[in-house]
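Novice: Below are the C-alpha cells for one structure; questions will follow.
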Amino acid sequence: RRLNTSDSRISLVDIATRLGLANATSAEFVVSKAVRDGVIDATIYHKEGYVQSHDLVDVYATTEPMEAFHRRIAYCLTTHNDAVRSMRYPP
C-alpha cells in the first residue's frame with residue numbers, strides 16, 4: 001500500500017528491491033496479483049519495466065456515498081416499521 005500512495009510510476013526493479021524479492025519478474029507477479037485482487041489500481045508496462053498507478057477518483061464527487069447512505073437508512077426504516085408492525089399485531 002505504501003508503494004501505491006508514494007509513487008505513481010515505479011520500476012519493477014525498485015519494487016523488487018523494496019520488497020526484498022529476487023528479481024523484477026517476481027515483483028511483476030506480485031504486482032499483477034495485487035492489481036487482479038483490486039488492492040491497487042495500476043497498469044503494468046512489461047516492455048518498459050514499470051508500473052503506472054491510475055489517478056484516484058474523488059468518490060465524494062459521485063453519487064455513490066449518497067446511494068450507500070440511502071440504502072442504510074432504508075434498511076433501518078424497514079427494520080423499524082417491521083418491529084412496530086409486529087408489536088401492533090401479536091402472534
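Novice: How big is the charge dipole of region 43-84 about its Cα centre, in debye rounded to the nearest 20, if each Lys and Arg gets +1 on its Cβ and each Asp and Glu gets -1 on its Cβ? Can you show the working numbers first?
Specialist: Numbers: 3 positive and 6 negative charges, 22 e Å.
Once rounded to the nearest 20, the dipole reads 100 debye.
Novice: Given Cα pairs under 8 Å that are at least 6 residues apart, what percent is the relative contact order of region 11-91?
Specialist: Numbers: 46 pairs, mean separation 14.2, N = 81.
Reported relative contact order: 18 percent.
Novice: Ok, one more. Can you give the helix-only mean residue ellipticity at 222 nm for the chain, where every DSSP H stretch with n ≥ 4 adds -39500 (n - 2.57) and the sum goes over all residues, rounded to the nearest 500 deg cm²/dmol?
Specialist: -18000 deg cm²/dmol
Novice: As I understand it, the dipole of the chain uses +1 on the Cβ of Lys and Arg and -1 on the Cβ of Asp and Glu, about the Cα centre. Which of L12, H80, Y50 lies farthest toward its positive end?
Specialist: After comparing all options, I get H80.
Novice: Sticking with this structure for a sec: Along the charge dipole of the chain, which of V59, Y89, H70 sits closest to the positive end, that is, farthest toward it, with unit charges on the beta carbon of Lys, Arg, Asp and Glu (+1, +1, -1, -1)?
Specialist: Final value for the positive-end residue is Y89.
Novice: Given charges of +1 on the Cβ of Lys and Arg and -1 on the Cβ of Asp and Glu, with all other atoms neutral, how large is the dipole of the chain about its Cα centre, in debye to the nearest 20? Write down the numbers at each step before the final one.
Specialist: Details: 11 positive and 11 negative charges, 84 e Å.
Around 400 debye, computed over the chain.
Novice: For region 1-82, with all protein chains present and a 1.4 Å probe, just round the carbon and sulfur fraction of the accessible area to a whole percent.
Specialist: 56
Novice: Roll a 1.4 Å probe over the protein chains and send me the accessible area per residue for the chain in Å².
Specialist: For the chain, the solvent-accessible area averages 83 Å² per residue.
The values are calculated or read from the model by the stated rules, or taken from the named source; none is laboratory data. As the structure is a computational prediction, the values presented were derived from the model and not from experiment. Ideal geometry is used to build each Cβ from the backbone, glycine not excepted, and the neighbour counts take in all protein chains shown. Side chains are part of the model used for accessible areas, which takes the heavy atoms of the whole protein and leaves out ligands, DNA and RNA. Shrake-Rupley method; radii C 1.70, N 1.55, O 1.52, S 1.80 Å.
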